[in-house]
Amino acid sequence: MSDTHHDHGHEHGHHHREPESVLSLRVRALESLLVEKKLVASDAVDRIVSAYEEDIGPHNGAKVVARAWLDPAYKQRLLADGTAAIEELGFGGVDLKVVENRSGVHNMVVCTLCSCYPHALIGLPPVWYKSFEYRSRAVREPRVVLREFGLDLPESVEIRIWDSSAELRYLVLPERPAGTEGLSEGELAGLVSRDSMIGVAVARPPAPAAR
Amino acid sequence: MDTVPSREIADMKGAAALPRKNGELVFDEAWQGRIFGMTVAMSHDASFEWREFQAQLIAEIAHAEREGESTSYYERWLNAFEQLLADKGLVDPAALAERTREFETGRRDDVF
(Lines give C-alpha, C1' and ligand atoms only; values in the text may rest on other atoms or scores of the structure.)
Protein backbone atom coordinates (compact mmCIF):
# COMPACT_ATOMS: atom_id res chain seq x y z
CA MET A 1 0.00 0.00 0.00
CA SER A 2 2.69 2.47 0.88
CA ASP A 3 6.34 2.56 1.64
CA THR A 4 5.62 4.80 4.59
CA HIS A 5 3.61 1.98 6.08
CA HIS A 6 4.90 1.21 9.55
CA ASP A 7 4.28 -2.34 10.49
CA HIS A 8 6.70 -2.57 13.34
CA GLY A 9 4.98 -3.88 16.36
CA HIS A 10 2.90 -6.56 14.72
CA GLU A 11 5.54 -9.13 15.41
CA HIS A 12 5.84 -7.89 18.96
CA GLY A 13 2.19 -8.52 19.54
CA HIS A 14 2.62 -12.15 18.65
CA HIS A 15 5.84 -12.87 20.47
CA HIS A 16 5.31 -11.12 23.77
CA ARG A 17 2.01 -12.23 25.21
CA GLU A 18 2.53 -10.74 28.64
CA PRO A 19 3.05 -7.10 27.72
CA GLU A 20 0.04 -7.37 25.45
CA SER A 21 -2.20 -8.48 28.25
CA VAL A 22 -0.97 -5.64 30.46
CA LEU A 23 -1.91 -3.30 27.65
CA SER A 24 -5.27 -4.99 27.38
CA LEU A 25 -5.91 -4.32 31.07
CA ARG A 26 -4.87 -0.71 30.65
CA VAL A 27 -7.34 -0.30 27.80
CA ARG A 28 -10.13 -1.96 29.75
CA ALA A 29 -9.49 0.34 32.70
CA LEU A 30 -9.58 3.33 30.39
CA GLU A 31 -12.80 2.22 28.74
CA SER A 32 -14.36 1.61 32.14
CA LEU A 33 -13.51 5.17 33.22
CA LEU A 34 -14.62 6.79 29.98
CA VAL A 35 -17.93 4.91 30.02
CA GLU A 36 -18.47 5.92 33.63
CA LYS A 37 -17.86 9.56 32.72
CA LYS A 38 -20.24 9.13 29.77
CA LEU A 39 -17.47 10.24 27.43
CA VAL A 40 -17.76 7.03 25.45
CA ALA A 41 -20.54 4.52 24.79
CA SER A 42 -19.35 0.95 24.34
CA ASP A 43 -21.86 0.18 21.59
CA ALA A 44 -20.66 3.23 19.63
CA VAL A 45 -17.12 1.86 19.90
CA ASP A 46 -18.34 -1.51 18.58
CA ARG A 47 -19.99 0.16 15.59
CA ILE A 48 -16.93 2.24 14.80
CA VAL A 49 -14.56 -0.71 14.97
CA SER A 50 -16.64 -2.82 12.61
CA ALA A 51 -17.18 0.06 10.20
CA TYR A 52 -13.45 0.69 9.94
CA GLU A 53 -12.63 -3.01 9.73
CA GLU A 54 -14.78 -3.18 6.61
CA ASP A 55 -13.21 -0.09 5.15
CA ILE A 56 -10.33 -0.97 2.91
CA GLY A 57 -8.99 2.52 2.73
CA PRO A 58 -7.29 4.21 -0.15
CA HIS A 59 -7.42 1.14 -2.27
CA ASN A 60 -6.37 0.78 -5.83
CA GLY A 61 -9.80 -0.03 -7.18
CA ALA A 62 -11.20 3.26 -5.91
CA LYS A 63 -8.46 5.13 -7.75
CA VAL A 64 -9.38 3.31 -10.95
CA VAL A 65 -13.05 4.20 -10.51
CA ALA A 66 -12.31 7.85 -9.69
CA ARG A 67 -10.06 8.17 -12.72
CA ALA A 68 -12.79 6.71 -14.94
CA TRP A 69 -15.32 9.19 -13.55
CA LEU A 70 -13.04 12.11 -14.31
CA ASP A 71 -11.55 11.03 -17.63
CA PRO A 72 -14.01 9.79 -20.27
CA ALA A 73 -11.21 8.53 -22.52
CA TYR A 74 -9.78 6.47 -19.66
CA LYS A 75 -13.23 5.09 -18.93
CA GLN A 76 -13.57 3.94 -22.53
CA ARG A 77 -10.23 2.15 -22.37
CA LEU A 78 -11.15 0.65 -19.00
CA LEU A 79 -14.41 -0.81 -20.29
CA ALA A 80 -12.78 -2.03 -23.51
CA ASP A 81 -9.77 -3.69 -21.86
CA GLY A 82 -9.72 -3.61 -18.07
CA THR A 83 -6.42 -5.45 -17.78
CA ALA A 84 -4.54 -2.93 -19.93
CA ALA A 85 -6.26 0.08 -18.39
CA ILE A 86 -5.37 -0.79 -14.80
CA GLU A 87 -1.79 -1.42 -15.88
CA GLU A 88 -1.70 2.22 -16.98
CA LEU A 89 -2.15 3.12 -13.30
CA GLY A 90 0.45 0.61 -12.21
CA PHE A 91 -1.88 -2.16 -11.10
CA GLY A 92 -1.74 -5.59 -12.58
CA GLY A 93 -1.53 -9.28 -12.02
CA VAL A 94 -5.15 -9.86 -12.84
CA ASP A 95 -7.22 -10.34 -15.98
CA LEU A 96 -9.99 -7.90 -15.43
CA LYS A 97 -13.28 -7.01 -17.01
CA VAL A 98 -14.94 -3.84 -15.77
CA VAL A 99 -18.72 -3.64 -15.96
CA GLU A 100 -20.45 -0.28 -15.80
CA ASN A 101 -23.52 0.59 -13.79
CA ARG A 102 -25.79 3.06 -15.53
CA SER A 103 -29.37 4.09 -15.36
CA GLY A 104 -31.44 0.93 -15.75
CA VAL A 105 -28.54 -1.51 -15.37
CA HIS A 106 -26.93 -2.68 -12.14
CA ASN A 107 -24.02 -5.12 -12.09
CA MET A 108 -23.13 -7.50 -9.31
CA VAL A 109 -20.16 -9.83 -8.97
CA VAL A 110 -20.09 -13.30 -7.48
CA CYS A 111 -17.86 -16.33 -7.68
CA THR A 112 -20.23 -19.26 -7.62
CA LEU A 113 -17.48 -21.89 -7.56
CA CYS A 114 -15.09 -20.54 -4.98
CA SER A 115 -14.03 -17.02 -4.12
CA CYS A 116 -12.24 -15.52 -7.11
CA TYR A 117 -11.85 -11.86 -6.46
CA PRO A 118 -9.70 -8.97 -7.76
CA HIS A 119 -7.40 -8.76 -4.71
CA ALA A 120 -4.95 -6.45 -6.37
CA LEU A 121 -7.64 -3.82 -6.64
CA ILE A 122 -9.85 -4.26 -3.61
CA GLY A 123 -7.94 -6.28 -1.03
CA LEU A 124 -9.20 -9.43 0.63
CA PRO A 125 -12.72 -10.67 -0.02
CA PRO A 126 -15.14 -10.16 2.86
CA VAL A 127 -16.38 -13.24 4.68
CA TRP A 128 -19.85 -13.04 3.14
CA TYR A 129 -18.41 -13.05 -0.39
CA LYS A 130 -16.96 -16.49 0.27
CA SER A 131 -20.09 -17.81 1.96
CA PHE A 132 -22.13 -20.52 0.32
CA GLU A 133 -25.22 -18.42 0.95
CA TYR A 134 -24.03 -15.45 -1.10
CA ARG A 135 -22.57 -17.62 -3.83
CA SER A 136 -25.83 -19.49 -4.34
CA ARG A 137 -28.37 -16.76 -3.69
CA ALA A 138 -26.67 -13.97 -5.67
CA VAL A 139 -27.58 -15.81 -8.85
CA ARG A 140 -30.95 -17.16 -7.77
CA GLU A 141 -32.42 -14.10 -6.12
CA PRO A 142 -30.10 -11.12 -6.60
CA ARG A 143 -32.81 -8.55 -5.93
CA VAL A 144 -33.52 -10.03 -2.51
CA VAL A 145 -29.83 -10.28 -1.67
CA LEU A 146 -29.26 -6.66 -2.67
CA ARG A 147 -32.18 -5.59 -0.50
CA GLU A 148 -30.55 -7.35 2.43
CA PHE A 149 -27.44 -5.28 1.74
CA GLY A 150 -29.66 -2.21 1.97
CA LEU A 151 -29.88 -1.61 -1.77
CA ASP A 152 -33.49 -1.57 -2.91
CA LEU A 153 -33.50 -1.31 -6.68
CA PRO A 154 -36.69 -0.58 -8.62
CA GLU A 155 -38.10 -3.50 -10.62
CA SER A 156 -37.31 -1.58 -13.81
CA VAL A 157 -33.57 -1.89 -13.16
CA GLU A 158 -32.00 -4.88 -14.85
CA ILE A 159 -29.52 -6.76 -12.62
CA ARG A 160 -26.61 -8.44 -14.38
CA ILE A 161 -24.66 -11.07 -12.50
CA TRP A 162 -21.01 -11.68 -13.36
CA ASP A 163 -19.52 -14.97 -12.28
CA SER A 164 -15.78 -14.62 -11.58
CA SER A 165 -13.35 -17.34 -12.43
CA ALA A 166 -9.69 -18.04 -12.04
CA GLU A 167 -9.15 -16.68 -15.55
CA LEU A 168 -11.23 -13.53 -15.37
CA ARG A 169 -12.17 -11.23 -12.49
CA TYR A 170 -14.82 -8.55 -12.58
CA LEU A 171 -14.98 -5.07 -11.10
CA VAL A 172 -18.12 -2.96 -11.03
CA LEU A 173 -17.77 0.66 -12.10
CA PRO A 174 -20.40 2.31 -9.91
CA GLU A 175 -22.30 5.39 -11.05
CA ARG A 176 -20.78 8.69 -10.01
CA PRO A 177 -22.94 10.15 -7.23
CA ALA A 178 -24.77 13.42 -7.85
CA GLY A 179 -23.31 16.58 -6.37
CA THR A 180 -19.69 15.55 -6.84
CA GLU A 181 -18.77 18.12 -9.49
CA GLY A 182 -15.50 19.76 -8.65
CA LEU A 183 -14.26 17.01 -6.34
CA SER A 184 -10.67 15.89 -6.82
CA GLU A 185 -9.71 12.37 -7.84
CA GLY A 186 -8.69 11.63 -4.25
CA GLU A 187 -11.97 12.93 -2.87
CA LEU A 188 -13.95 10.92 -5.41
CA ALA A 189 -11.98 7.78 -4.54
CA GLY A 190 -13.07 8.25 -0.93
CA LEU A 191 -16.69 7.72 -2.03
CA VAL A 192 -15.94 4.36 -3.63
CA SER A 193 -16.47 1.56 -1.13
CA ARG A 194 -15.36 -1.99 -1.59
CA ASP A 195 -18.99 -3.09 -1.67
CA SER A 196 -19.80 -0.67 -4.48
CA MET A 197 -17.13 -2.32 -6.63
CA ILE A 198 -18.57 -5.78 -5.91
CA GLY A 199 -21.95 -4.35 -6.80
CA VAL A 200 -23.80 -4.86 -3.53
CA ALA A 201 -23.84 -1.13 -2.81
CA VAL A 202 -23.64 2.16 -4.67
CA ALA A 203 -20.94 4.80 -4.25
CA ARG A 204 -21.37 6.96 -1.17
CA PRO A 205 -22.89 10.40 -1.56
CA PRO A 206 -20.51 13.26 -0.82
CA ALA A 207 -20.46 14.55 2.76
CA PRO A 208 -23.12 17.27 3.16
CA ALA A 209 -20.66 19.85 4.44
CA ALA A 210 -16.94 19.58 3.99
CA ARG A 211 -15.12 19.99 7.27
CA MET B 1 -23.71 8.82 11.51
CA ASP B 2 -20.59 7.60 13.22
CA THR B 3 -20.36 4.45 11.14
CA VAL B 4 -19.05 5.93 7.89
CA PRO B 5 -15.26 5.88 8.07
CA SER B 6 -13.74 9.34 7.97
CA ARG B 7 -11.09 9.70 5.28
CA GLU B 8 -9.20 12.05 7.58
CA ILE B 9 -8.74 9.11 9.95
CA ALA B 10 -8.66 6.14 7.59
CA ASP B 11 -6.18 7.72 5.19
CA MET B 12 -3.66 9.17 7.65
CA LYS B 13 -0.25 9.35 6.02
CA GLY B 14 3.32 8.88 7.12
CA ALA B 15 4.26 7.43 10.48
CA ALA B 16 0.72 7.85 11.78
CA ALA B 17 -0.73 5.70 8.94
CA LEU B 18 -2.97 2.95 10.32
CA PRO B 19 -1.48 -0.56 10.08
CA ARG B 20 -3.10 -2.37 7.17
CA LYS B 21 -2.76 -5.71 5.51
CA ASN B 22 -3.95 -6.08 1.94
CA GLY B 23 -5.57 -2.72 2.40
CA GLU B 24 -7.64 -3.75 5.41
CA LEU B 25 -7.15 -2.40 8.90
CA VAL B 26 -5.37 -4.83 11.18
CA PHE B 27 -6.10 -5.15 14.86
CA ASP B 28 -3.87 -7.94 16.12
CA GLU B 29 -5.51 -7.90 19.53
CA ALA B 30 -8.99 -6.92 20.61
CA TRP B 31 -7.69 -4.08 22.79
CA GLN B 32 -6.22 -2.40 19.72
CA GLY B 33 -9.66 -2.17 18.16
CA ARG B 34 -11.12 -0.86 21.45
CA ILE B 35 -8.58 1.93 21.82
CA PHE B 36 -8.97 2.85 18.16
CA GLY B 37 -12.77 2.92 18.50
CA MET B 38 -12.73 4.97 21.70
CA THR B 39 -10.44 7.57 20.17
CA VAL B 40 -12.55 7.87 17.03
CA ALA B 41 -15.78 8.01 19.06
CA MET B 42 -14.49 10.85 21.21
CA SER B 43 -13.34 12.83 18.20
CA HIS B 44 -16.83 12.44 16.71
CA ASP B 45 -18.34 13.71 19.94
CA ALA B 46 -16.05 16.72 19.76
CA SER B 47 -14.17 15.94 22.97
CA PHE B 48 -11.20 16.85 20.80
CA GLU B 49 -10.41 17.39 17.13
CA TRP B 50 -8.94 14.51 15.19
CA ARG B 51 -5.94 16.63 14.19
CA GLU B 52 -5.16 17.20 17.87
CA PHE B 53 -4.97 13.47 18.46
CA GLN B 54 -3.02 12.93 15.26
CA ALA B 55 -0.43 15.51 16.33
CA GLN B 56 -0.12 13.79 19.72
CA LEU B 57 0.29 10.40 18.03
CA ILE B 58 2.96 11.68 15.66
CA ALA B 59 4.83 13.22 18.62
CA GLU B 60 4.58 9.96 20.57
CA ILE B 61 5.85 7.91 17.62
CA ALA B 62 8.76 10.32 17.09
CA HIS B 63 9.59 10.13 20.79
CA ALA B 64 9.50 6.30 20.79
CA GLU B 65 11.67 6.11 17.66
CA ARG B 66 14.17 8.52 19.19
CA GLU B 67 14.35 6.46 22.35
CA GLY B 68 14.64 3.25 20.34
CA GLU B 69 11.55 1.78 22.01
CA SER B 70 10.23 -1.41 20.47
CA THR B 71 6.65 -0.56 21.35
CA SER B 72 3.90 -1.36 18.87
CA TYR B 73 1.90 1.17 16.88
CA TYR B 74 -1.17 0.79 19.07
CA GLU B 75 0.81 0.96 22.31
CA ARG B 76 2.08 4.32 21.13
CA TRP B 77 -1.48 5.19 20.20
CA LEU B 78 -2.60 4.33 23.74
CA ASN B 79 0.15 6.51 25.26
CA ALA B 80 -0.81 9.40 23.00
CA PHE B 81 -4.52 9.00 23.81
CA GLU B 82 -3.93 8.94 27.57
CA GLN B 83 -1.71 12.00 27.30
CA LEU B 84 -4.32 13.90 25.31
CA LEU B 85 -7.07 12.97 27.80
CA ALA B 86 -4.88 14.19 30.64
CA ASP B 87 -3.97 17.43 28.84
CA LYS B 88 -7.64 18.09 28.15
CA GLY B 89 -8.53 17.46 31.77
CA LEU B 90 -10.89 14.65 30.71
CA VAL B 91 -9.22 11.83 32.61
CA ASP B 92 -7.14 12.28 35.73
CA PRO B 93 -3.96 10.17 35.37
CA ALA B 94 -4.09 9.22 39.06
CA ALA B 95 -7.67 7.98 38.72
CA LEU B 96 -6.68 6.00 35.64
CA ALA B 97 -3.70 4.46 37.42
CA GLU B 98 -5.97 3.44 40.30
CA ARG B 99 -8.57 1.98 37.93
CA THR B 100 -5.83 0.07 36.09
CA ARG B 101 -4.61 -1.42 39.39
CA GLU B 102 -8.15 -2.55 40.13
CA PHE B 103 -8.23 -4.43 36.85
CA GLU B 104 -4.74 -5.85 37.32
CA THR B 105 -5.56 -7.21 40.75
CA GLY B 106 -8.91 -8.51 39.61
CA ARG B 107 -10.80 -6.30 42.05
CA ARG B 108 -12.71 -5.00 39.09
CA ASP B 109 -13.69 -6.87 35.96
CA ASP B 110 -16.22 -4.92 33.95
CA VAL B 111 -17.53 -6.67 30.90
CA PHE B 112 -18.05 -4.67 27.76
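Considering segment A:41-81, and only residues there that are at pLDDT 85 or above and of a type in the set (D, E), the residue that is surrounded by the fewest Cβ atoms within 10 Å (Cβ to Cβ) turns out to be A:D43.
Give the number of residues within segment B:62-77 that are out of contact with any Phe, Trp or Tyr (no Cβ under 8 Å at 6 or more places or on another chain) and within 11 Å of chain A (Cβ to nearest Cβ). So the count comes out to 9. Kindly evaluate A:E31 against the criterion of being out of contact with any Asp or Glu (no Cβ under 7 Å at 6 or more places or on another chain), modelled with pLDDT of 90 or more and facing chain B (nearest Cβ under 7 Å). The answer is yes for A:E31. Scanning segment A:122-140 finds one or more residues that are touching a strand residue (DSSP E or B) at 6+ places or on another chain (Cβ under 8 Å) and in a loop (DSSP other than H, G, I, E, B). Within segment A:39-78, being farther than 22 Å from A:D195 by Cα and more than 10 Å from chain B (Cβ to nearest Cβ) holds for A:D71, A:P72, A:A73, A:Y74, A:Q76, A:R77. Output the residue which, of all residues in segment B:34-45 that are more than 7 Å from every other protein chain (Cβ to nearest Cβ) and closer than 16 Å to B:A86 by Cα, is surrounded by the fewest Cβ atoms within 10 Å (Cβ to Cβ). In this case the residue turns out to be B:S43.
The values are calculated or read from the model by the stated rules, or taken from the named source; none is laboratory data. Note that the structure is predicted; figures quoted are calculated from it, not measured. No Cβ is skipped: glycine too gets one built from the backbone with ideal geometry, and neighbour counts run over all protein chains shown.
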